[in-house]
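The values are calculated or read from the model by the stated rules, or taken from the named source; none is laboratory data. All figures in this text were calculated on a predicted structure; none of them were measured in a lab. All Cβ positions, even for glycine, are placed from backbone atoms using ideal geometry, and neighbour counts span all protein chains on display. To get the accessible areas, we keep the full protein, side chains included, count just its heavy atoms, and leave off ligands, DNA and RNA. Shrake-Rupley method; radii C 1.70, N 1.55, O 1.52, S 1.80 Å.
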Amino acid sequence: VNRISFGVQDFDIKVQERINRIQPPELLKNLLTPEIRKNFPAFNFDLLIGLPGQTQEGLEKTMDQVIEIKPTQLQTMMMHYKPNTRKYMIKMLKDGPLPDFYDRKVLYAIAEKKLLDAGYKKTGYESYALPGDPIEESHRKGKTLYGPLGAQKGEATNFIAVGSSAHGVLNDEFYFQNFYEQPLYRKALDENKFPIYRGMRLSEDDVIRREVIRHIRTFFNIEFSFFEKKYEIPFKDYFKKELKNLISFEKDELI
């Protein structure tokens with residue numbers, strides 16, 4: 001084990017109460033002793049943007065507390081509200097609505113500014129790391145990949161999914177997801193079966209397009225020559241329709 005990660009989400013006690021996740025910053029301060037930091041030189045905090053009750057003032061304080069603890073890596077992820085698959089999320093609305101799209105954009109900007117001002121480097125769409133961290137070093141060398149689990153320092157091809165709703169990858173080709181519902185997850189394990197309820201095998205086109213998305217989310221650009229060399233495709237012909245659709249965005253100076 002060379003990295004540990006904590007689902008901090010937010011340190012604001014009002015937010016923690018609404019998501020039923022009470023964990024003061026002191027808990028992590030006491031846990032992350034010099035000995036632990038020596039044993040695990042890379043440790044990550046996951047923060048969620050768009051939580052119920054989240055305010056600009058509260059998030060600014062959370063970011064100050066996070067920066068004081070100084071994790072080597074951070075993911076500032078937008079919260080996905082999915083009550084159709086996670087019914088418990090409905091309870092999040094009982095004391096008021098979630099921050100809307102514009103509120104979340106402002107909250108995300110606050111988190112980003114705080115981290116960049118504190119010396120963190122952006123290493124992906126929602127990923128940050130301190131200079132010298134393995135993720136930051138690999139990003140400078142163009143080897144980082146950003147995926148559903150955040151930034152990783154290389155092209156890991158196997159993820160073993162443990163726990164309900166967890167998703168895994170085998171051979172970078174087969175995707176699978178475990179049952180959301182605890183009873184179905186446990187029933188499968190009791191019957192000595194993998195608790196998988198859906199999956200898919202990627203086509204070559206899926207693989208190429210996935211890599212394009214990864215490059216946009218990790219490096220915010222695409223080098224045509226990279227794809228032409230790796231996949232032996234004429235990039236402009238292969239993505240002729242997509243490039244044509246981008247012209248209007250170029251004219252509006254959005255890209």
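Contact map, segment 181-206: residues that are farther than 30 Å from PRO234 by Cα and open to solvent by 60 Å² or more (accessible area, probe 1.4 Å) paired with residues that are modelled with pLDDT of 95 or more and among the hydroxyl-bearing types (Ser, Thr, Tyr), Cβ distance under 6 Å, separation 6+ or inter-chain. No pairs are found. Filtering segment 21-65 to residues that are among the aliphatic types (A, V, I, L, M) and crowded, with 16+ Cβ neighbours inside 10 Å leaves LEU28, LEU32, ALA42, LEU47, LEU48, ILE49, LEU51, LEU59, MET63.
Residue-wise test of (1) touching a Gly at 6+ places or on another chain (Cβ under 8 Å); (2) assigned to a helix (DSSP H, G or I); (3) aliphatic (A, V, I, L, M).
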position	(1), (2), (3)
ILE36	no, yes, yes
PHE45	no, no, no
LEU48	no, no, yes
LEU59	no, yes, yes
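Taking the criterion of being modelled with pLDDT of 90 or more and assigned to a loop (DSSP other than H, G, I, E, B), the residues of segment 14-31 that qualify are ILE22, GLN23, PRO24. Scanning segment 156-178 for residues that are open to solvent by less than 90 Å² (accessible area, probe 1.4 Å), modelled with pLDDT under 95 and more than 30 Å from ILE233 (Cβ to Cβ) yields ALA161, GLY163, SER164, SER165, ALA166.
The number of residues in segment 3-20 being among the polar types (S, T, N, Q), open to solvent by 30 Å² or more (accessible area, probe 1.4 Å) and touching a strand residue (DSSP E or B) at 6+ places or on another chain (Cβ under 9 Å) comes to 2. The residue pairs whose first member lies in segment 229-255 and is within 21 Å of ILE208 (Cβ to Cβ), whose second member is of a type in the set (A, V, I, L, M, F, W, C), and whose beta carbons are closer than 6 Å, counting only pairs six or more residues apart or on different chains, are TYR231/ILE208; PHE235/PHE224; PHE235/PHE227; ILE255/PHE249.
Summed over segment 66-115, residues that are assigned to a helix (DSSP H, G or I) and open to solvent by 40 Å² or more (accessible area, probe 1.4 Å) total 17. Residue under question is PHE11, and the condition is that it be modelled with pLDDT of 95 or more, among the aromatic types (Phe, Trp, Tyr) and over 20 Å from PRO131 (Cβ atoms); does it hold? So PHE11 passes the test. Taking every residue in segment 89-103 that is in contact (Cβ under 8 Å) with a residue 12 or more places away in the chain and within 19 Å of GLN56 (Cα to Cα) and pairing it with any residue that is surrounded by fewer than 16 Cβ atoms within 10 Å (Cβ to Cβ) and aromatic (Phe, Trp, Tyr), at least 6 positions away or on another chain, the pairs with Cβ-Cβ distances below 7 Å are LEU98/TYR81.
Considering segment 208-230 alone, what residues qualify as being open to solvent by less than 40 Å² (accessible area, probe 1.4 Å) and not charged (D, E, K, R)? Hits for segment 208-230 are ILE208, VAL212, HIS215, THR218, PHE227. Being within 29 Å of PRO34 (Cβ to Cβ) and open to solvent by 70 Å² or more (accessible area, probe 1.4 Å) is a property that LYS121 has.
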